[in-house]
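The values are calculated or read from the model by the stated rules, or taken from the named source; none is laboratory data. Note that the structure is predicted; figures quoted are calculated from it, not measured. For neighbour counting, all protein chains shown are included, and Cβ atoms are generated from backbone atoms with ideal geometry for every residue, glycine included.
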Amino acid sequence: MSIVDAFDRMQWGTEDLHFDGLHFLLEQCRTTNAATDSPTFTLHKKRDIVDEYRKFFALRPDFHPEHMLEVGIFKGGSLAFWREILKPKRIAALDILPDPRDSNLAAYTKSVEKETIITAHWSSDQTDTSLLRRIAKEDLNGRIDFVIDDATHEYHATKVTFQTIFPFMPPGSIYIIEDWAWNHWKRYQVRNSERMKDRSPSELAFELAESTGSASGVIDHIEIYNVFIAIVRGRKPVTGDFDLEESIIRRPFYPYKWAR
Ligand SMILES: C[S@@+](CC[C@H](N)C(=O)[O-])C[C@H]1O[C@@H](n2cnc3c(N)ncnc32)[C@H](O)[C@@H]1O
(Lines give C-alpha, C1' and ligand atoms only; values in the text may rest on other atoms or scores of the structure.)
Protein backbone atom coordinates (compact mmCIF):
# COMPACT_ATOMS: atom_id res chain seq x y z
CA MET A 1 0.00 0.00 0.00
CA SER A 2 1.34 3.45 -0.85
CA ILE A 3 2.02 6.18 1.65
CA VAL A 4 -0.41 8.51 -0.12
CA ASP A 5 -3.28 6.03 0.48
CA ALA A 6 -2.81 6.62 4.21
CA PHE A 7 -3.39 10.35 3.76
CA ASP A 8 -6.54 9.61 1.77
CA ARG A 9 -7.97 7.55 4.64
CA MET A 10 -7.86 10.53 7.03
CA GLN A 11 -11.18 11.94 8.16
CA TRP A 12 -10.86 15.56 9.19
CA GLY A 13 -13.13 17.40 11.61
CA THR A 14 -12.70 21.05 12.54
CA GLU A 15 -10.86 20.18 15.76
CA ASP A 16 -9.89 16.55 15.35
CA LEU A 17 -8.76 13.84 12.98
CA HIS A 18 -9.84 10.20 12.76
CA PHE A 19 -7.40 7.90 11.03
CA ASP A 20 -7.19 4.10 10.93
CA GLY A 21 -9.01 3.73 14.25
CA LEU A 22 -6.94 6.40 16.00
CA HIS A 23 -8.33 9.71 17.22
CA PHE A 24 -6.17 12.85 17.20
CA LEU A 25 -7.12 16.18 18.80
CA LEU A 26 -5.69 19.04 16.75
CA GLU A 27 -3.97 21.19 19.37
CA GLN A 28 -3.84 24.31 17.19
CA CYS A 29 -7.52 24.12 16.20
CA ARG A 30 -9.16 23.33 19.53
CA THR A 31 -11.55 25.89 20.94
CA THR A 32 -12.66 23.77 23.90
CA ASN A 33 -11.00 21.34 26.26
CA ALA A 34 -14.04 19.12 26.40
CA ALA A 35 -13.19 15.53 27.32
CA THR A 36 -13.81 12.86 24.73
CA ASP A 37 -15.03 9.37 25.49
CA SER A 38 -12.39 7.62 23.36
CA PRO A 39 -8.61 7.49 23.91
CA THR A 40 -7.02 10.37 22.05
CA PHE A 41 -3.64 11.58 20.87
CA THR A 42 -2.68 15.23 20.58
CA LEU A 43 -1.32 16.42 17.26
CA HIS A 44 0.39 19.78 16.71
CA LYS A 45 -0.41 19.92 13.01
CA LYS A 46 -3.09 21.57 10.97
CA ARG A 47 -4.52 20.16 7.80
CA ASP A 48 -2.46 22.50 5.57
CA ILE A 49 0.86 20.95 6.61
CA VAL A 50 -0.52 17.41 6.32
CA ASP A 51 -1.73 18.25 2.80
CA GLU A 52 1.80 19.44 1.94
CA TYR A 53 3.21 16.13 3.20
CA ARG A 54 0.72 14.27 1.00
CA LYS A 55 1.96 16.28 -1.99
CA PHE A 56 5.55 15.52 -1.02
CA PHE A 57 5.04 11.74 -0.70
CA ALA A 58 2.96 11.59 -3.90
CA LEU A 59 6.17 12.53 -5.74
CA ARG A 60 8.07 9.54 -4.33
CA PRO A 61 5.88 6.41 -4.43
CA ASP A 62 8.87 4.11 -3.86
CA PHE A 63 10.04 5.78 -0.65
CA HIS A 64 9.44 3.43 2.31
CA PRO A 65 11.63 4.40 5.26
CA GLU A 66 12.49 1.57 7.65
CA HIS A 67 14.20 3.61 10.35
CA MET A 68 12.80 6.99 11.38
CA LEU A 69 13.80 9.67 13.88
CA GLU A 70 11.34 12.30 15.09
CA VAL A 71 12.66 15.29 17.01
CA GLY A 72 9.95 17.15 18.95
CA ILE A 73 6.92 14.96 19.64
CA PHE A 74 5.00 16.99 22.26
CA LYS A 75 2.97 14.28 24.09
CA GLY A 76 3.75 11.57 21.56
CA GLY A 77 0.72 11.89 19.27
CA SER A 78 2.82 12.57 16.19
CA LEU A 79 4.71 9.32 16.85
CA ALA A 80 1.48 7.38 16.38
CA PHE A 81 0.54 9.59 13.42
CA TRP A 82 3.79 8.91 11.51
CA ARG A 83 3.92 5.25 12.45
CA GLU A 84 0.41 4.73 10.96
CA ILE A 85 1.40 6.50 7.74
CA LEU A 86 4.89 5.10 7.18
CA LYS A 87 4.84 1.73 8.98
CA PRO A 88 8.62 1.77 9.56
CA LYS A 89 10.42 -1.02 11.41
CA ARG A 90 11.81 1.37 14.00
CA ILE A 91 10.94 4.87 15.18
CA ALA A 92 13.03 6.69 17.74
CA ALA A 93 12.02 10.08 19.07
CA LEU A 94 12.90 12.70 21.63
CA ASP A 95 11.40 15.72 23.32
CA ILE A 96 12.55 18.09 26.04
CA LEU A 97 9.25 17.58 27.90
CA PRO A 98 9.09 15.03 30.69
CA ASP A 99 7.44 11.67 30.00
CA PRO A 100 3.67 12.35 29.91
CA ARG A 101 3.11 8.75 31.05
CA ASP A 102 0.24 8.51 28.62
CA SER A 103 -1.48 5.13 28.88
CA ASN A 104 -2.88 5.52 25.36
CA LEU A 105 0.63 5.94 23.91
CA ALA A 106 1.91 3.02 26.00
CA ALA A 107 -0.92 0.78 24.77
CA TYR A 108 -0.34 1.86 21.16
CA THR A 109 3.42 1.24 21.42
CA LYS A 110 2.72 -2.27 22.73
CA SER A 111 0.07 -3.00 20.12
CA VAL A 112 2.41 -2.28 17.17
CA GLU A 113 5.65 -3.68 18.62
CA LYS A 114 5.74 -6.72 16.28
CA GLU A 115 5.78 -4.37 13.27
CA THR A 116 7.44 -1.28 14.67
CA ILE A 117 9.72 -0.74 17.63
CA ILE A 118 8.98 2.70 19.07
CA THR A 119 11.52 4.28 21.45
CA ALA A 120 10.73 7.67 22.98
CA HIS A 121 13.30 9.68 24.93
CA TRP A 122 11.78 12.32 27.22
CA SER A 123 13.49 15.21 29.03
CA SER A 124 15.96 15.12 26.13
CA ASP A 125 17.41 18.12 24.35
CA GLN A 126 17.85 18.19 20.58
CA THR A 127 21.33 19.70 21.03
CA ASP A 128 22.55 16.77 23.14
CA THR A 129 24.89 15.33 20.52
CA SER A 130 25.98 12.30 22.52
CA LEU A 131 22.35 11.30 23.07
CA LEU A 132 21.61 11.83 19.36
CA ARG A 133 24.52 9.58 18.38
CA ARG A 134 23.43 6.94 20.90
CA ILE A 135 19.87 6.99 19.52
CA ALA A 136 21.22 6.69 15.97
CA LYS A 137 23.44 3.74 16.83
CA GLU A 138 21.41 1.85 19.43
CA ASP A 139 17.75 2.57 18.57
CA LEU A 140 18.15 2.81 14.80
CA ASN A 141 21.04 0.42 14.09
CA GLY A 142 23.23 3.24 12.75
CA ARG A 143 21.07 3.86 9.68
CA ILE A 144 18.32 6.49 9.50
CA ASP A 145 16.12 6.77 6.40
CA PHE A 146 13.79 9.55 7.44
CA VAL A 147 13.98 12.39 9.97
CA ILE A 148 11.47 15.03 10.98
CA ASP A 149 12.74 17.86 13.15
CA ASP A 150 9.70 19.67 14.58
CA ALA A 151 11.32 20.80 17.84
CA THR A 152 12.74 24.27 18.59
CA HIS A 153 12.68 25.75 15.07
CA GLU A 154 15.73 27.72 16.16
CA TYR A 155 18.77 28.17 13.93
CA HIS A 156 21.52 26.79 16.18
CA ALA A 157 19.66 23.87 17.78
CA THR A 158 18.26 22.79 14.40
CA LYS A 159 21.72 22.93 12.84
CA VAL A 160 23.34 20.93 15.66
CA THR A 161 20.77 18.14 15.26
CA PHE A 162 21.14 18.16 11.48
CA GLN A 163 24.94 18.02 11.54
CA THR A 164 24.91 15.20 14.09
CA ILE A 165 22.30 13.01 12.41
CA PHE A 166 22.89 13.56 8.68
CA PRO A 167 26.07 11.41 8.59
CA PHE A 168 23.96 8.41 9.73
CA MET A 169 21.72 8.73 6.67
CA PRO A 170 22.26 6.69 3.47
CA PRO A 171 22.06 8.21 -0.05
CA GLY A 172 18.47 9.06 -0.99
CA SER A 173 17.27 9.31 2.62
CA ILE A 174 15.31 12.39 3.63
CA TYR A 175 15.73 14.90 6.46
CA ILE A 176 12.80 17.27 7.05
CA ILE A 177 12.90 20.53 8.99
CA GLU A 178 9.40 21.77 9.76
CA ASP A 179 8.43 25.43 10.16
CA TRP A 180 11.80 26.65 8.86
CA ALA A 181 10.15 29.80 7.47
CA TRP A 182 8.34 31.26 10.49
CA ASN A 183 10.48 34.41 10.29
CA HIS A 184 8.70 35.16 7.02
CA TRP A 185 5.14 34.45 8.17
CA LYS A 186 2.76 37.39 8.66
CA ARG A 187 1.74 36.34 12.17
CA TYR A 188 5.36 36.50 13.36
CA GLN A 189 5.94 40.08 12.19
CA VAL A 190 5.75 41.37 15.77
CA ARG A 191 8.45 42.13 18.31
CA ASN A 192 8.97 39.03 20.42
CA SER A 193 12.13 38.81 22.46
CA GLU A 194 12.00 35.00 22.66
CA ARG A 195 12.03 34.79 18.86
CA MET A 196 14.85 37.35 18.54
CA LYS A 197 17.48 35.49 20.58
CA ASP A 198 18.83 33.55 17.64
CA ARG A 199 19.34 33.87 13.88
CA SER A 200 16.43 32.92 11.66
CA PRO A 201 16.23 29.23 10.66
CA SER A 202 15.82 30.44 7.07
CA GLU A 203 19.53 31.30 7.24
CA LEU A 204 20.11 27.58 7.74
CA ALA A 205 17.91 26.90 4.70
CA PHE A 206 20.17 29.24 2.72
CA GLU A 207 23.30 27.44 3.96
CA LEU A 208 21.77 24.11 2.89
CA ALA A 209 21.20 25.63 -0.56
CA GLU A 210 24.81 26.88 -0.57
CA SER A 211 26.09 23.40 0.29
CA THR A 212 23.95 21.88 -2.48
CA GLY A 213 25.20 24.47 -4.96
CA SER A 214 28.82 23.82 -3.92
CA ALA A 215 28.35 20.25 -5.22
CA SER A 216 29.67 18.92 -1.93
CA GLY A 217 27.98 15.57 -2.57
CA VAL A 218 26.81 15.38 1.03
CA ILE A 219 23.44 16.87 0.12
CA ASP A 220 21.93 15.65 -3.14
CA HIS A 221 19.26 18.35 -3.28
CA ILE A 222 16.79 20.26 -1.18
CA GLU A 223 13.08 20.81 -1.70
CA ILE A 224 11.50 23.88 -0.17
CA TYR A 225 7.87 24.02 0.86
CA ASN A 226 6.19 26.79 2.81
CA VAL A 227 5.85 24.58 5.90
CA PHE A 228 8.94 22.38 5.69
CA ILE A 229 12.22 21.91 3.90
CA ALA A 230 13.35 18.45 2.74
CA ILE A 231 17.05 17.70 2.48
CA VAL A 232 17.87 14.63 0.39
CA ARG A 233 21.12 12.89 1.32
CA GLY A 234 23.82 12.70 -1.35
CA ARG A 235 26.35 9.94 -1.98
CA LYS A 236 29.40 11.36 -0.24
CA PRO A 237 30.11 9.57 3.05
CA VAL A 238 30.95 11.71 6.06
CA THR A 239 33.59 10.48 8.45
CA GLY A 240 34.04 12.19 11.79
CA ASP A 241 32.15 15.33 12.73
CA PHE A 242 30.09 16.96 10.00
CA ASP A 243 30.37 20.75 9.75
CA LEU A 244 27.97 22.18 7.17
CA GLU A 245 30.23 25.22 6.68
CA GLU A 246 33.03 22.96 5.43
CA SER A 247 30.79 21.66 2.64
CA ILE A 248 30.23 25.20 1.29
CA ILE A 249 32.43 27.00 -1.23
CA ARG A 250 32.14 30.81 -1.24
CA ARG A 251 34.03 33.20 -3.46
CA PRO A 252 36.26 35.34 -1.25
CA PHE A 253 35.64 38.36 -3.50
CA TYR A 254 32.06 38.96 -2.30
CA PRO A 255 31.58 42.72 -1.79
CA TYR A 256 31.18 43.20 1.96
CA LYS A 257 28.30 45.65 1.50
CA TRP A 258 26.11 42.75 0.31
CA ALA A 259 27.17 40.27 2.94
CA ARG A 260 24.44 39.11 5.28
C1 LIG B 1 5.51 21.81 17.64
S2 LIG B 1 5.82 20.73 19.00
C3 LIG B 1 6.01 19.18 18.22
C4 LIG B 1 4.75 18.62 17.77
C5 LIG B 1 4.72 17.26 17.14
N6 LIG B 1 5.79 17.01 16.21
C7 LIG B 1 3.40 17.15 16.43
O8 LIG B 1 3.37 17.27 15.19
O9 LIG B 1 2.39 16.95 17.10
C10 LIG B 1 7.46 21.15 19.37
C11 LIG B 1 8.06 20.28 20.45
O12 LIG B 1 9.45 20.55 20.53
C13 LIG B 1 9.83 20.36 21.86
N14 LIG B 1 11.10 21.05 22.12
C15 LIG B 1 11.32 22.36 22.33
N16 LIG B 1 12.61 22.59 22.56
C17 LIG B 1 13.25 21.39 22.46
C18 LIG B 1 14.61 20.97 22.58
N19 LIG B 1 15.58 21.84 22.85
N20 LIG B 1 14.88 19.68 22.41
C21 LIG B 1 13.90 18.77 22.14
N22 LIG B 1 12.60 19.11 22.02
C23 LIG B 1 12.27 20.41 22.18
C24 LIG B 1 8.67 20.95 22.66
O25 LIG B 1 8.66 20.43 23.97
C26 LIG B 1 7.47 20.52 21.83
O27 LIG B 1 6.91 19.34 22.31
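So that you can scan it fast, the table gives a plain yes or no per residue for (1) at pLDDT 95 or above; (2) more than 16 Å from the ligand (Cβ to nearest atom); (3) farther than 24 Å from Ile224 by Cβ:
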| position | (1), (2), (3) |
| --- | --- |
| Met1 | no, yes, yes |
| Arg9 | yes, yes, yes |
| Cys29 | no, no, yes |
| Thr40 | no, no, yes |
Per the filter on region 90-132, residues within 16 Å of the chain's Cα centre (by Cα) and either more than 16 Å from the ligand (Cβ to nearest atom) or among the charged types (D, E, K, R) (or both) are Arg90, Asp95, Asp125
Out of the residues in region 61-83 that are away from the ligand (no atom under 13 Å from the Cβ) and in contact (Cβ under 8 Å) with a residue 40 or more places away in the chain, state the one that is surrounded by the most Cβ atoms within 10 Å (Cβ to Cβ). His67
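Per-residue answers, yes or no, for (1) more than 18 Å from Ile177 (Cβ to Cβ); (2) out of contact with any Asp or Glu (no Cβ under 9 Å at 6 or more places or on another chain):
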position: Thr42; (1), (2): yes, no
position: Lys46; (1), (2): no, yes
position: Phe63; (1), (2): no, no
position: Glu66; (1), (2): yes, no
position: Glu70; (1), (2): no, no
position: Trp82; (1), (2): no, no
What about Arg187, is it within 16 Å of the ligand (Cβ to nearest atom), surrounded by 14 or more Cβ atoms within 10 Å (Cβ to Cβ) and charged (D, E, K, R)? no
Quickly run through region 133-163 and pick out the residues that are hydrophobic (A, V, I, L, M, F, W, C), near the ligand (Cβ under 10 Å from one of its atoms) and not in a loop (DSSP other than H, G, I, E, B). Ile148, Ala157, Val160
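Return the residue satisfying two criteria in turn: it lies in region 203-216 and is touching a helix residue (DSSP H, G or I) at 6+ places or on another chain (Cβ under 7 Å) and modelled with pLDDT of 95 or more, and of such residues it is nearest to His156 (Cα to Cα).
Going through region 203-216, the residues touching a helix residue (DSSP H, G or I) at 6+ places or on another chain (Cβ under 7 Å) turn out to be 203-204, 207, 211, 214, 216.
Cutting the leftovers down to modelled with pLDDT of 95 or more gives us 203-204, 207, 211, 214.
Working: Glu203: 10, Leu204: 9, Glu207: 12, Ser211: 17, Ser214: 22 Å.
The qualifying residue nearest to His156 (Cα to Cα) is Leu204.
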Go through region 107-155 and give me each residue that's within 17 Å of Gly77 (Cβ to Cβ), of a type in the set (A, V, I, L, M) and surrounded by 15 or more Cβ atoms within 10 Å (Cβ to Cβ). Val112, Ile118, Ala120, Ile148, Ala151
